[in-house]
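The values are calculated or read from the model by the stated rules, or taken from the named source; none is laboratory data. Note that the structure is predicted; figures quoted are calculated from it, not measured. Using ideal geometry, Cβ is built from the backbone for each residue, glycine included, and neighbour counts are taken over all protein chains shown. Note: accessible area is taken over every heavy atom of the protein model, side chains too, but ligands, DNA and RNA are not part of it. Shrake-Rupley method; radii C 1.70, N 1.55, O 1.52, S 1.80 Å.
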Amino acid sequence: MMMMTTAPGAVNSISLNYLHQHYGHNIINARRHGGSGSFNVKQPCNSNFKPNSNFNPSLIISTTVSTRTTSLHVSASSSSAAPGGQFSDQWVDAKKKQSGKRIAGIDQDELLDPKVLADADSCFCEFKGVHIHHKVYDAESKPNNSLQNQALTQLPQQIKKIGFPMILLHGFGASVFSWSRVMEPLGEVTGSKVLAFDRPAFGLTSRLFSFHHSSPDSKGKKPLNPYSMAFAVLATLYLVDFLAAEKAILVGHSAGSLVAVNSYFEAPERVAALILVAPAILAPRIVQKVVERNRSERNESNDQIGKERSDLNPINPFIKLLKMLSMFIKYIMRAIMQMAKGMADMINSLYKKALSAFLRSAFALTLLRMVMDKFGLAAVRNAFYDSKKFTEHIADGYTKPLKAKGWDRALLEFTAAMLTDTDSVPKPPVAKRLHEISCPVLIVTGDTDRIVPSWNAERLSRAIPGSKLEVIKHCGHLPHEEKFEEFVSIVERFLQNAFGCSEGKSVQAVV
């Protein structure tokens, strides 16, 4: 046994390069101990292991680092030792660098499977290979005399039950957590189940990336992108079936409102009512004007063609010839314009492919992580009218998904799907179909919403016939969080009026 002691400040860690040189990849026990820096190197279990000639297989190195001295104990049958007597600090430095990775205060070194992060009341169901995280409050299985529920909903003693289940759809960057304050009181209002779920790329729903490599089915149809709007709509309708209901009330917040409306257009017979909270549905006015102008120009062009064809029967042959020549030139110009449009479509397709490739690159991943670190929590805080209501509890709820494996890649996949995916069967824009909605619609907005201004909600209300608009004063983009009591009260009045429930009478809606 040989013992070496070094003075304070001397190098006190063993070089992994040196150990790797003599033991290759067969180091099986390397660990640091709390309060001291030591690790053991032992002979592996593999009987075919042959160390280099300079080392004896029974070599055991143990270093113990204290604040004052460093001891090196070596037990060996050979007299050879590490040359130079000094070891590098590369291993320790590398560990320090790795442990410094944090995004929005969340350590990124040890990301976990979403199911490990689940709460006690979390549930998972599988839909098309995706494990959807959701929570359910069942009013039918709970007592109705909860003092907390009465305080939140401000309902009379005899609660009037609507009977339809309710599905809650969160907005961009949110999760089931955003509905935590209103799930129970909304359940008491409906007298049925209330389900909130995390859309793929958000919350604790599993992240799926294998769909890129999946082959088309027998009909040549590509697998459904789990981050697309089509998947979100089908998942929503699947959950209506999951609740064993024929119809459900869909409540969407911000971008979740677009999922709710698209779900209605996909299966209007499955939607009892729509409640749109701070809805991000209508495009800004400037975008809408450009689209309308382009459509108007196309209509004028078609009208002009019809007029030209009707004028091809003049009495004077010379005039007829000039008309035909003029039409011929116009057709040539129109053909050239169509070619240019075809080139524009091709360029647009190439642009989408380039954008999709960029969003799946390592650079985009780094950029996303930087943005989330610098602005993620600030964006949530800005969504409140009163920033004092943005508590540490709320911050923890919004950042919890950053602990899940693949959260960053999934968010980029969602962005790519939102910007580049197109339906195989072209559909009219949602904004042009809003007048087709015939179910009861409630629109709720905050008067000081800095993300989706209240005037945009007013436009949406005018576009949907018979819709009800409610503006909550001194409220931002999160009425169901910032003014949850008033929000629940508004929803309760709307549902009672929509389904004809009278005071003091308990009515169960017939599905």
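Anything over 20 Å Cα to Cα? Flag those among 193/403; 115/400; 432/473, in the order listed.
With Cα atoms farther than 20 Å apart: 193/403; 432/473.
Report, by chain and number, residues whose modeled amide H sits under 5 Å from the one on residue 272, excluding near sequence neighbours (fewer than 5 apart, same chain).
248, 249, 250
Check which residues have an amide H placed less than 5 Å from residue 469's amide H, if you skip close sequence neighbours.
Answer set, sorted by chain and number: 443.
Between residue 419 and residue 360, what is the label-point separation in nm under the 7 Å Cα-to-beta-carbon projection?
Using points 7 Å along Cα→Cβ, the separation is 1.5 nm.
Could you rank 269, 184 by how accessible they are, 1.4 Å probe, largest area first? Kindly include the intermediate steps, with their values, before the conclusion.
Values: 269 110, 184 65 Å².
Descending accessible area places them as 269, 184.
Any chance you could look up the accessible area of residue 253 with a 1.4 Å probe, heavy atoms only, rounded to 10 Å²?
The accessible area of residue 253 comes to roughly 10 Å².
Would you mind checking which residues have amide H under 5 Å from residue 191's amide H? H placed 1.01 Å from N; only 5 or more apart, or other chain.
Under 5 Å from the amide H of residue 191: 162, 163.
Taking the Cα centre of the range 394-456 as origin and charging only Cβ (+1 Lys, Arg; -1 Asp, Glu), how large is the dipole, in debye to the nearest 20? Walk me through the numbers before you get to the answer.
Details: 8 positive and 8 negative charges, 28 e Å.
So the magnitude is around 140 debye.
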